[in-house]
Each structure stands twice: as C-alpha cells, then as structure tokens.
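The structure appears below as structure tokens.
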Amino acid sequence: MGATGATGLTGATGSVGPMGATGATGLTGATGSVGPMGPAGATGLTGLQGIQGVAGPTGPAGPTGPSGGSVSPVMRTTSFDSPGEANLPTSGTGVCPAGGYILSGGYSISGPEMEEMEMFGTFVSENMPTDSATWTVAVVNQSPFDLTVTINYLCTQ
C-alpha cells in the first residue's frame with residue numbers, strides 16, 4: 001500500500017435542510033413582584049335610598065303633668081274710657097287669671113250710635129289676643145264724644 005495522498009479541496013456547502021419540528025413549551029416562569037398602587041378613581045354616583053325600616057317600639061309614658069285647673073269657660077269684662085277728639089289710639093286689655101287662657105274676645109262701645117262715630121272717623125284699630133292670656137282692644141276716637149269701651153273676653157278659668 002502506498003502513501004496517503006494530500007487532502008483534497010473542501011467541497012461546496014450544501015443547502016440548508018428543512019426546519020425541524022417545534023419543541024415542547026417550556027416551564028412557566030416565576031410571578032413578578034406587585035407594582036405600586038395606582039391613583040384613586042372618581043367617586044361613583046349616590047345609590048338609591050333604602051326602604052324605610054320598621055317602626056320602633058312605643059316609648060314609656062311621660063310624667064304626669066300639672067293640673068289644668070278649671071276648663072269651664074268664664075266670661076269676663078273690663079272697661080276703659082276713650083276721650084273725645086283724642087285722635088290717638090286708647091286701649092285696654094282683659095287678662096285671664098293665672099293659669100287661664102283666652103278662648104275669644106270682643107268689645108262694645110257706649111256712646112253715640114256707631115253711624116255717628118263713623119262720620120267723625122272713629123274706628124277700632126285693634127281687637128285681638130296679644131298673648132295666650134290677654135285680649136286687647138284699641139280705639140281711635142276722632143269724634144267730639146267721650147266713649148266707654150267694654151272688653152268682653154272668655155277665659156278657661
């Protein structure tokens with residue numbers, strides 16, 4: 001056998017072969033750390049009103065109140081004079097006794113006929129309760145006559 005001859009030239013590179021099959025999916029990686037909290041969102045709309053709850057139990061009775069005194073109405077009267085041509089209100093008041101309350105009131109005028117007084121511009125400027133126990137009547141007498149005004153008022157005592 002003879003000597004080995006020299007290495008021949010390298011041949012041309014062959015063409016790329018076909019792509020191989022896709023390999024198996026790898027394992028899932030570890031979970032990353034939680035990020036920072038985001039900004040607060042806008043406030044939502046107000047919800048609907050809820051249904052009304054059941055009524056609570058009746059509370060205990062309160063203490064007994066003071067006696068109301070007599071509630072039988074009693075008519076009372078008082079009078080005042082309204083001088084002629086005063087041109088300013090003159091007034092009087094009827095006052096119920098302590099603990100009593102005004103139920104109603106009114107007046108009567110003694111002197112010339114009302115038609116005569118109206119001709120002179122005389123009029124009643126006030127005829128009403130001024131608090132729970134007082135009735136007031138005021139008269140502006142522009143007539144030349146002196147008048148007597150009687151206040152009639154009904155009290156609970």
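Quick notes on this one:
- Centre-to-centre, using Cα atoms only, the stretch 125-149 and the stretch 70-108 are separated by 8 Å.
- Vicinal HN-Hα couplings computed from phi for the stretch 29-34 (Karplus, 6.51 cos²θ - 1.76 cosθ + 1.60; Hz; Gly/Pro x): x, 5, 5, x, 6, 6
- Using a simple spin-label model with pseudo-atoms 7 Å out from Cα toward Cβ, LEU27 and ILE51 lie 5.7 nm apart.
- In terms of accessible area, using a 1.4 Å probe and ignoring ligands and nucleic acids, MET128, MET19 rank largest first as MET19, MET128.
- Computed with a 1.4 Å probe over protein heavy atoms only, the accessible surface of the stretch 1-41 comes to 108 Å² per residue.
- At R0 = 22 Å, FRET efficiency that the Cβ-Cβ distance of SER110 and THR134 yields, to 0.05: 0.50
- Carbon/sulfur fraction of accessible area - the stretch 1-108, other protein chains in place, 1.4 Å, %: 59 percent
- Solvent-accessible surface of the stretch 72-126, averaged per residue with a 1.4 angstrom probe and all protein chains in place: 63 square angstrom.
- Answer label, with semi-axes √(5λ) of the Cα gyration tensor in Å calculated from the coordinates and candidates (1) 24, 17, 16; (2) 55, 15, 14; (3) 119, 28, 12: (3)
- Length-normalised contact order for the stretch 47-157 - Cα pairs under 8 Å, 6+ apart - percent: 40 percent
The values are calculated or read from the model by the stated rules, or taken from the named source; none is laboratory data. This structure is a prediction, so every number in the text was calculated from the model and none was measured. FYI the Cβ positions are ideal-geometry reconstructions off the backbone, even for glycines, and counts take in every protein chain you see. Heads up: the accessible areas ignore ligands, DNA and RNA and are worked out on the full protein's heavy atoms, side chains in. Shrake-Rupley method; radii C 1.70, N 1.55, O 1.52, S 1.80 Å.
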